[in-house]
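First the structure, in the form of structure tokens, and then the observations on it.
The values are calculated or read from the model by the stated rules, or taken from the named source; none is laboratory data. Computed from a predicted structure; not experimentally measured. So basically every Cβ, Gly included, is an ideal-geometry build from the backbone, and we count neighbours across all protein chains shown. To get the accessible areas, we keep the full protein, side chains included, count just its heavy atoms, and leave off ligands, DNA and RNA. Shrake-Rupley method; radii C 1.70, N 1.55, O 1.52, S 1.80 Å.
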Amino acid sequence: MLIYRCSRQSHAAVLSATSSFQTTTTPFRCLSSNGNNNGNNNNSNNNSNDNNFSRIRRPNQTGFNKPGGPSVSRNRPSSPPSPLAAPQPSLLRTHMIDLFPGNYDDDDDDDDLASTDASSDTTMMEGWDDDDSNYSDMEATMAQLHRQSLEREAQKQRWLQNSIPPVRVPVIDEMGRSYGRGGRKAAQARVWLTPGFGNVTVNRKDIIDYFPRFSDRELVTSPLVVTRTCGKFDLQCIVKGGGLTGQAGAIRLGVARALQYWNPQAYRPALKKMGYLTRDARKVERKKIGRVKARKRPQWNRR
């Protein structure tokens with residue numbers, strides 16, 4: 001412990017300097033200014049300086065020795081802190097710092113704030129420009145989608161219109177005849193249908209004379225059999241090109257079309273169901289080089 005040595009003049013200064021510390025109940029005496037600490041002068045100095053005793057209190061120090069006793073050690077351990085003592089100040093940073101990424105300096109805060117404001121304004125303006133461009137792109141996309149939807153609706157309307165079957169009416173000339181044209185392979189036939197008793201002439205000849213084979217005659221009269229009109233119409237046919245089978249097929253298509261033109265609502269469903277209104281596109285395939293016919297290969301001999 002440090003023993004203060006003070007004079008009468010500095011006594012008040014010492015009291016004022018030590019008044020701010022926490023005090024204890026054990027006082028000690030200030031020695032005189034002459035600084036004599038010998039044992040011979042202790043009593044005289046104590047007697048002369050009785051009025052100079054001052055109750056100076058030191059913080060967190062108890063158990064001081066009385067004056068004249070052995071000096072107190074300086075390395076005495078301190079007492080534990082009181083639970084009512086004021087809390088220690090925290091080490092938190094209370095001043096303002098810049099929180100923007102990459103900038104941890106506190107110097108030139110004003111410049112940093114100005115630059116930050118400018119950059120934020122620039123970013124905001126760029127964001128507005130981006131919003132305008134995005135809005136224009138969105139408008140263009142919406143217009144394109146609207147056009148596509150209109151096109152799809154128009155296509156649907158066309159499909160619906162095409163799905164409606166056309167209105168078929170009888171086609172009869174001034175002589176009371178219906179006309180049909182047919183073809184098969186290289187043969188071409190023209191047929192006129194008139195009400196009658198079932199007479200069939202081909203190139204001004206009877207059908208039996210022109211087509212000696214029964215299969216060919218059956219092809220010619222098959223549309224009449226399907227529509228159940230045998231013996232109700234007379235047929236006049238003119239055919240050319242191809243062979244007898246091709247000509248018979250061409251006449252059959254002409255007769256079917258002539259019946260359709262005579263009464264579409266009555267005869268067309270049956271003819272369409274049997275496929276008599278469809279042109280048969282089958283033809284003889286041409287011969288290929290290096291082969292006997294279109295597909296046939298020449299005979300291969302081992303030796």
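Is there any pair linking a residue in segment 184-206 that is among the hydrophobic types (A, V, I, L, M, F, W, C) to one that is buried (at least 16 other Cβ atoms within 10 Å of the Cβ) and in a loop (DSSP other than H, G, I, E, B), with Cβ under 6 Å and at least six apart or on different chains, and which?
From residues that are among the hydrophobic types (A, V, I, L, M, F, W, C), the pairs are Ala186/Gly242; Ala187/Gly242; Trp192/Arg177.
Taking only pairs six or more apart or across chains, which ones have beta-carbon atoms under 8 Å, a first residue in segment 224-247 that is aromatic (Phe, Trp, Tyr), and a second residue that is surrounded by 16 or more Cβ atoms within 10 Å (Cβ to Cβ) and modelled with pLDDT of 95 or more?
Note: pairs meeting the criteria are Phe233/Leu193; Phe233/Thr194; Phe233/Leu224; Phe233/Leu259; Phe233/Trp262.
Counting residues that are hydrophobic (A, V, I, L, M, F, W, C), which helices (runs of 4 or more DSSP H) fully inside segment 145-264 reach at least 3?
214-227, 244-262
Taking the condition over 59 Å from the mean Cα position of the chain (by Cα) and over 22 Å from Thr229 (Cβ atoms), does Asn162 pass?
no
Among residues belonging to segment 276-292 that are closer than 30 Å to Leu224 by Cβ and free of Cβ contacts under 8 Å to residues at least 60 places away in the same chain, point out the one that is surrounded by the fewest Cβ atoms within 10 Å (Cβ to Cβ).
Looking at the filtered set, the residue picked out is Ala281.
The rows are residues; the columns are (1) open to solvent by 90 Å² or more (accessible area, probe 1.4 Å); (2) more than 27 Å from Gln260 (Cβ to Cβ); (3) modelled with pLDDT of 95 or more.
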| position | (1), (2), (3) |
| --- | --- |
| Met125 | yes, yes, no |
| Pro165 | yes, no, no |
| Glu174 | yes, no, no |
| Phe211 | no, no, yes |
